[in-house]
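What follows is calculated from the coordinates using simple rules that are stated; it is not laboratory data. Not measured: the values here are computed from a predicted model. Positions of Cβ are backbone-derived with ideal geometry, glycine not excepted, and every protein chain shown enters the neighbour counts.
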Amino acid sequence: INPIVVKELRQHLRTRTFWVFFSLMLLACLGISMVAFVQADESDKVGLVTFFAFYTALSGVQHFVIPYTAYRSMAREQEDETWVLLSLTGLGPRRILAGKLTSFVLQGLLYASAAAPFLLFSYYLNGIDLPTIALAITLGAAFQIFLVSVSVSIATLAETKLVRSLLHFVVLGALAIGATSGISITIALSEELHRKSIDAE
C-alpha cells in the first residue's frame, strides 16, 4: 500500500471535519427516511423522490467537502513546506499525488458505504429500479474522482500566498457549481433511464 494513502487516511479520519460531516450526512438520511416512511402510501413516486434526496445528501459531501479537503491538504503541504520532506522519502511526485488522490477516493467510498442502506431503502418504496440506483452511484463516484483530481491539480499551481488566496475562492466557486451541476445531471439522467425502463415494460 502506498504509505501516503495510510498517512492521509489516518490523519483525516481523526479530524473533527470528517466526523461532523459524516454525522450530518447520516442525520440527514435518517430524517429523509422518516419523512419517506410517513408518505410511503401517498404517492407512487415516493421512492424516486426519496432516492434523489438521499443522493443529494451524499453528493454534498462527495462533490464539495471531499474535493475541497483534498485541495486544502495539498495546499497545506506547500504552506507548511512539508512537500520537500515528502519528496525526500523517495516516493516521487507521481506516487505522492496518487496516494493523496486514492486516500480521498477511499474517504468517498466510506461515505457511500454509510449511505448505501438508505439508497437501497428508496428501492423498497417503489418508483425507482436498481439499475437507476446503480447508474446514479457510479456517475457520482466518477464525478467525485474528477473533482478531487482537479482540486489536487489546482493546489499544485499555488506558489505564492496571493495566488493561493485567489485559487482558494476559485476552487470554492468551481466546486459549488460542479456539485450543483453534477447532482442536476445525475438526477436528469436517472429520471430519463427510469422513464425508459417503464416505457419498455
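Points to keep in mind about this one:
- Net charge dipole size for the chain [Lys, Arg +1 and Asp, Glu -1 on Cβ; Debye, nearest 20]: 880
- The chain: calculated mean residue ellipticity at 222 nm from DSSP helix runs of at least 4, using -39500 (n - 2.57): -29000 deg cm²/dmol
- Label positions at Ala141 and Val35, each projected 7 Å from the Cα along the C-beta direction, are separated by 2.8 nm.
- At R0 = 35 Å, FRET efficiency that the Cβ-Cβ distance of Lys161 and Leu109 yields, to 0.05: 0.55
- Here the peptides 152-163, 56-67, 128-139 are ranked by packing, the mean other Cβ count within 10 Å, and the order with the highest first is 56-67, 128-139, 152-163.
- Structure remark: mean-square fluctuation, Gaussian network model of the chain, C-alpha springs under 10 Å; the largest value among Gly108, Gly92, Gly182 belongs to Gly92.
- Placing +1 on the Cβ of every Lys and Arg and -1 on the Cβ of every Asp and Glu, with nothing else charged, gives the stretch 113-197 a dipole about its Cα centre of roughly 180 debye.
- When the Gaussian network model of the chain links Cα atoms closer than 10 Å, the mean-square fluctuations of Thr69, Thr186, Thr17 top out at Thr17.
- Label-to-label distance for Lys7 and Lys45 is 5.0 nm, based on points extended 7 Å past Cα in the beta-carbon direction.
- Extension gain, Leu189 to Ser23, is 56.9 nm, computed as 0.36 nm per intervening residue step minus the present C-alpha separation.
- Two-site label geometry, Tyr124 and Ile177: point separation in nm, points 7 Å out along Cα→Cβ: 4.2
- Extreme residue, positive dipole direction of the chain, given options Ser153, Ala116, Val38 (C-beta unit charges): Ser153
- Taking a ≥ b ≥ c as the square roots of the eigenvalues of the Cα gyration tensor, the chain is prolate, since a/c reaches 1.5 or more and a/b is larger than b/c.
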